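Contents: one structure, followed by commentary.
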Amino acid sequence: MRSLIDILDFTVEELDELIDLANDIIENPEKYSEKCKGKKLATLFFEPSTRTRLSFEAAMLELGGSVLGFSEANSSSAAKGESVADTAKTISCYADIIAMRHPKEGAPLVAAQNATIPVINAGDGGHNHPTQTLADLLTIKREKGGFDNLTVGFCGDLKFGRTVHSLINALSRYNGLKFVLISPEELKLPSYVKKDVLQQKNIPYEQTTDLESVMPQLDILYMTRVQRERFFNEEDYLRLKDSYILEPRKLRDAKPTLSIMHPLPRVNEISVAVDDDPRACYFKQVLNGKFIRMALILKLLEEAKK
Ligand code: CP
């Protein structure tokens, strides 16, 4: 059974096809409005979410299907000690496809190994968030026309930011990219990502704590929230949470073609004054997230028939 647990589960060609399908859905929504009639999506969210859960639900509804699920662990039998494996086997009796978010890294993989229907990882701990990456890729494709030869700056919490890890993995398969990693010392990109992805593939990257000094070279600036829920102590979070606040004056030396991205939710790291800048793309990412999830649901349900 085909699932999506890690962005690398899909080939570059498959990602291109998904992006093409999402673009066709954007152009011709009526063509797809009954494609999932009679199908059910279960959203199993053991952690809070606004965008991911509701965009999955909106995606299935716009495909003519139905949705069921829960939005917190306490309202499921996980609160009584039920395992992820048993939950997956149970939901396989009720639905056709699962989207799961879980605080434990690897939980959606365990679900996929036990379910008889496709499972989509909607975020597992500080590990991966492949459907946010799909939304990011669709946004980059629509904004930049492609993925090659871009200089991409990632700024903020690169240690716990699962969207950063997934997007670096995805972009590492294209040509001529350079990454600029901007973070406080304590929140640097994990060494396993640097070693297994950047160094292994000889991808040029630089690390810095200073956002403004690297701003002029960036084609994309991917801002991230400091992930309070992953910190072991509140004191460290409070000290680091406002390390970077993007304000209009800090964009003075940025390229006119810069794309400012953020997976959202934001806290303080992008001032609302930046929202009116034509280079701000983060609410486009939100909308693109719904369309690419429609494409993903269609792909996985189609493959489940085989
Ligand atoms: N980007 C994202 O995952 O947002 P939510 O936590 O609101 O789903």
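The values are calculated or read from the model by the stated rules, or taken from the named source; none is laboratory data. Quick caveat: nothing in here was measured; it's all calculated off a predicted structure. All Cβ positions, even for glycine, are placed from backbone atoms using ideal geometry, and neighbour counts span all protein chains on display. SASA here: full protein model, heavy atoms, side chains in, ligands and nucleic acids out. Shrake-Rupley method; radii C 1.70, N 1.55, O 1.52, S 1.80 Å.
Computed from point charges on the beta carbon alone (+1 for Lys and Arg, -1 for Asp and Glu), the dipole magnitude for the chain about its Cα centre is near 360 Debye.
Where the alpha-carbon atoms of the stretch 265-306 are placed on the principal axes, they occupy 49, 20, 9 Å, in descending order.
In square nanometres and to one decimal, what's the mean projected area of the convex hull around the Cα atoms of the stretch 128-184? So the mean shadow area of the Cα hull is 3.6 nm². For the pair C93 and R249, a Förster radius of 41 Å applied to the C-beta separation gives a FRET efficiency near 0.15, rounded to the nearest 0.05.
Separation of the stretch 15-45 and the stretch 103-162, taken as the distance between their Cα centroids, equals 18 angstrom. In terms of distances greater than 18 angstrom between alpha carbons, the cross-link table entries K141/K290; K159/K194; K141/K195; K35/K305; K39/K306; K35/K141 yield K141/K195; K35/K141.
Within the chain, antiparallel bridges make up roughly 5 percent of the DSSP beta bridges whose residues both belong there.
The separation of the stretch 167-197 from the stretch 204-267, counted between C-alpha centres, amounts to 14 Å. Seen against the Cα atoms of the chain and their longest principal axis, helix 282-304 is set at about 40 degrees. Helical content of the chain, expressed as a calculated mean residue ellipticity at 222 nm, amounts to -10500 deg cm²/dmol (DSSP H runs of 4 or more residues, -39,500 (n - 2.57) each, divided by residue number, nearest 500). Computed with the Debye formula from one identical point scatterer per Cα of the chain, without solvent, the log10 of I(q)/I(0) at q = 0.16 Å⁻¹ comes to -1.35. For A99, the amide hydrogen comes within under 5 Å of the amide hydrogens of A42, T43, L44, I120, counting only partners 5 or more places away or on other chains and with H modelled in the peptide plane.
Calculated accessible area for the chain comes out at 43 Å² per residue, all protein chains present (probe 1.4 Å; ligands, DNA, RNA ignored). Judged by the mean number of other Cβ atoms found within 10 Å, the most tightly packed of the peptides 116-123, 260-267 leads the ranking 116-123, 260-267. Helix 130-144 and the longest principal axis of the C-alpha atoms of the chain enclose an angle of approximately 50°.
Only protein heavy atoms count here; on that basis, with a 1.4 Å probe, E34 has an accessible area of about 120 Å².
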